[in-house]
1. All but one of (1) within 26 Å of residue 163 (Cα to Cα); (2) in contact with a strand residue (DSSP E or B) (Cβ under 8 Å, 6 or more places away or on another chain); (3) surrounded by fewer than 16 Cβ atoms within 10 Å (Cβ to Cβ) hold for residue 104; which doesn't?
2. Kindly state which strands (runs of 3 or more DSSP E) lie completely within segment 25-83 and contain at least 3 residues that are crowded, with 21+ Cβ neighbours inside 10 Å.
3. Right, residue 151: over 25 Å from residue 110 (Cα atoms) and either outside any helix (DSSP H, G or I) or modelled with pLDDT under 90 (or both) or not?
4. Looking only at segment 68-99, which residues are within 18 Å of the chain's Cα centre (by Cα) and either more than 17 Å from residue 41 (Cβ to Cβ) or at pLDDT below 95 (or both)?
5. Is there a residue being free of Cβ contacts under 8 Å to residues at least 24 places away in the same chain and either within 16 Å of the chain's Cα centre (by Cα) or farther than 24 Å from residue 159 by Cα (or both) anywhere in segment 37-54?
6. For segment 115-127, give me the residue count where each residue is within 25 Å of the chain's Cα centre (by Cα) and either in contact (Cβ under 8 Å) with a residue 60 or more places away in the chain or part of a loop (DSSP other than H, G, I, E, B) (or both).
7. Can we say residue 27 is farther than 16 Å from residue 171 by Cβ and at pLDDT 70 or above?
């Protein structure tokens, strides 16, 4: 009984962080012509959840990893969050750490920008231009013609970076503002979210909690005796 009571008191004083990065699916789109460094990193991507709303359960840190851009075309793209920005001209594997200060579920404040056309696509918005982004994956069904010939997909969660396999919560591909293709490889990034750690209790607080529990047991014993 004593051990159980002390353990319950200590459990109220300590905890662990919970990491969560999710998205609200919009619609599935076909990805065609996905190549270059992104293909080398992730392998095939032929489907995508179009302009889906990406949500983090903060507070914590979002790590953005650059996975490359297509071989063709002088694309100049950026992934922006507040004052922080990542360019498509950097080397594959470069990362950007973004602090997420809000608590609870909240949409990420990112936006992709095509600096050639001037198109900007923000998280979860329906673009007024041809530019867009998608949560990338591989189709797993081709039986429903009303959804472009597929019904679902397996999301891409791994990529080879610097010769090593890395796991991501989500992989996003950006399609530039030029009409005529939908390759979603003009800038590809992997996202990982790590929730802020819950502070561990100070040893003195644990000791006081234990002494308080022991004192409570002693009082209960005296009450039973009396």
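1. Among (1) within 26 Å of residue 163 (Cα to Cα); (2) in contact with a strand residue (DSSP E or B) (Cβ under 8 Å, 6 or more places away or on another chain); (3) surrounded by fewer than 16 Cβ atoms within 10 Å (Cβ to Cβ), residue 104 violates only (1).
2. Values: elements: 27-30, 47-50, 53-68, 77-81.
Strands (runs of 3 or more DSSP E) meeting the threshold: 47-50, 53-68.
3. Working: over 25 Å from residue 110 (Cα atoms): yes; either outside any helix (DSSP H, G or I) or modelled with pLDDT under 90 (or both): yes.
Yes; evaluated as a whole, the condition is true for this residue.
4. Answer for segment 68-99, where residues must be within 18 Å of the chain's Cα centre (by Cα) and either more than 17 Å from residue 41 (Cβ to Cβ) or at pLDDT below 95 (or both): 78, 80, 81, 82, 84, 85, 97, 98, 99.
5. Of segment 37-54, the ones free of Cβ contacts under 8 Å to residues at least 24 places away in the same chain are none.
No, that holds for no residue.
6. Our first condition is that a residue be within 25 Å of the chain's Cα centre (by Cα); within segment 115-127, this holds for 115, 119-127.
Right, trim to either in contact (Cβ under 8 Å) with a residue 60 or more places away in the chain or part of a loop (DSSP other than H, G, I, E, B) (or both) and you get 115, 119, 121, 123-127.
Residues that pass the stated criteria total 8.
7. Details: farther than 16 Å from residue 171 by Cβ: yes; at pLDDT 70 or above: yes.
When the stated conditions are applied, residue 27 passes them.
The values are calculated or read from the model by the stated rules, or taken from the named source; none is laboratory data. Keep in mind that what you see is a predicted model, and the values were worked out from it rather than measured. Note: ideal-geometry Cβ built from the backbone for every residue, glycine included; neighbour counts use all protein chains shown.
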